[in-house]
Amino acid sequence: MAGGNNVARMSPRQRMINLMYIVLTAMLALNVSSDVLNGFSQVHDSISRTNKNIAERNAAQFRYLESMYQESPEKAGVWYEKGTALRDRSQKLFNSIEELKKTIAVATDGEGADYHDLKNLDDLEASSVIMLNPTTQRGKKLREAVDAYKAFVVELIPDSTKRKAVAEMLSTQIVKKAGGPQSWEQKMFENMPSVAAVTMLTKLQNDIHQAESEALANLIMNVDMDDVHMNEFGAYVIPNSRTIVRGSKYSAQIVLAAVDTTQRPVVYVNGSRLTNPNGIFEFVPGAPGTHQYSGYIELPLSDGSMQKHPFTSSYTVIEPMATISPTMMNVLYAGIDNPISISVPGVPMNAVQASISGGTLTRNGDHWVARVTQVGTEATISVSAELDGRTQSVGAMTFRVRKLPDPTAFIPIGDTHYKGSPKRISKAALMGASGLGAALDDGVLDIVYTVVSFSTVFTDQMGNFIPEVSNGASFSERQREQFKRLKPGKSFFISNIKAKGPDGITRDISPMEVALN
């Protein structure tokens, strides 16, 4: 509360109530479903298992490249050196991300924390503190490291289509917003639950492994094909991403480690032949969860026979999640503009739509303004987003509609508000004031009310009460005459105060006692 209120004068019970109010405000400011948080844990476990599988596959590829170098150092030497540099840089970046996950886990649960088993899943501060600290700049350094790795790895991939897929997979492009540009690290970690931040970092490790695999496959291709036996080739699936929001598109490229451009292989997925000549396998996933698929690639040999190379892969579908953050708890006040923040992770603001029951909801840049009228009812904000050309519901949140609280009366004195006893003011300050004001400034709402009328009550030397009526919000001449007669140390009351709020309701507010020095 602004003005002369003193925390030291509050009772222990009032301090406890104030503290509970602040805690409740913080808890309700971002209402994230526990089911969604548990879903992130499941997704993280699935991606971790995938990371392990890809790491083993990459190790096998590197061992194969190493064996080729041992057999023919002259022909495979330059490609082996590039493969060694690729493996070292990939492992270094992977390990640095691993340390960031451990650091976030410690910030979330304390020393000895395990990011595989976080306790405080909904912690919204740990990832921001660790990754967006302006002193350590861990998020910025990670983005720069990913950009440097991307620039390095795409140079090892000559095929333009594959190079583009890897570049998009490792993209840290800044998202432009109406309120100013948003960096990649802000999008990844600002107000992000710890379990979601760890999951996103694990997914980034997955993308690094995928890029390393594609680059290793191309290094193997560059070795003289006369020295390579076809039965050592493998089939690989290169998805743009293994984690998909339900309703968006899954896209993956299925290729051999070495491809003869004069003989295009035939690809079969789950028993059906792939009709795309470039080996791109895409579809719209259905139910959330981790799903497996398999197939094989047929390659014609010089003797006319067909050689099969089997493959298996998986993808994970997660439910879309809308973030609806009320600026003032989960309460909407009737008759005023209520600012609302609405966003859907991974979806641009221009693809997000929202509506409200029992009121109006208008967009103001990247923010929204809700107006409701029926006190005592509930209003539900429903959010939808356009995903791959289709509009889909992504979330909803219910708010309680309340009447604006009553304001507090005050006498404006310069830049301060005098709100009455036990504080005292000078007679000169009182005489310099024009009248009475009223406002609600409790730290959550900051709303000015219009004083309609009020009365002052003085006592004469005989103890008789002398009431005087104001001139609207201003002191009347008769009231000012009474002010002149006041002696130091005396006091009077201001009562019958009527104030009108922006909701159009005129209400009676609490009286105040004015005490002179």
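Before moving on, here are some points about what is shown:
- For the stretch 63-207, fraction of C-alpha pairs farther apart than 22 Å, in %: 50
- Residues Asn350 and Met462, FRET efficiency given R0 of 60 Å [Cβ-Cβ distance, rounded to 0.05]: 0.20
- Close amide H partners of Asp123, meaning residues 5 or more places away or on another chain with modelled amide H under 5 Å apart, are Ser194, Val195.
- Taking every Cα-Cα distance in the stretch 387-510 and sorting them into 5 Å bins starting at zero, the pair-distance distribution P(r) comes out as 2, 9, 17, 19, 16, 10, 6, 4, 3, 3, 3, 2, 2, 2, 1, 0, 0 percent.
- Net charge contributed by nearby residues that have their C-beta within less than 15 Å of Gly359 (K/R +1, D/E -1): +2
- For the stretch 128-192, the percent of C-alpha pairs falling in each 10 Å distance bin, counted from 0 to the bin holding the largest distance, reads 20, 42, 28, 10, 0.
- Those aspartates and glutamates that a straight Cα-Cα span of less than 14 Å connects to Lys140, excepting residues fewer than 8 apart in one chain: Glu185, Glu190
- Taking all protein chains together and a 1.4 Å probe, the residues Ser272, Ser96 rank Ser272, Ser96 from largest to smallest accessible area.
- Trypsin sites (Lys or Arg not before Pro) within the stretch 74-122: DSSP coil, no more than 11 neighbouring Cβ in 10 Å: none
- Amide H contacts of Leu387 (H built 1.01 Å from N, under 5 Å, at least 5 apart or other chain): Gln392
- Cα→Cβ-extended label distance, 7 Å offset, between Thr506 and Gln42, nm: 5.9
The values are calculated or read from the model by the stated rules, or taken from the named source; none is laboratory data. Bear in mind the structure is a predicted one, so any value in this text is a computation, not a measurement. Positions of Cβ are generated from backbone atoms using ideal geometry, with glycine treated the same way; all protein chains shown enter the neighbour counts. All accessible areas refer to the heavy atoms of the entire protein, side chains included, with ligands and DNA or RNA removed. Shrake-Rupley method; radii C 1.70, N 1.55, O 1.52, S 1.80 Å.
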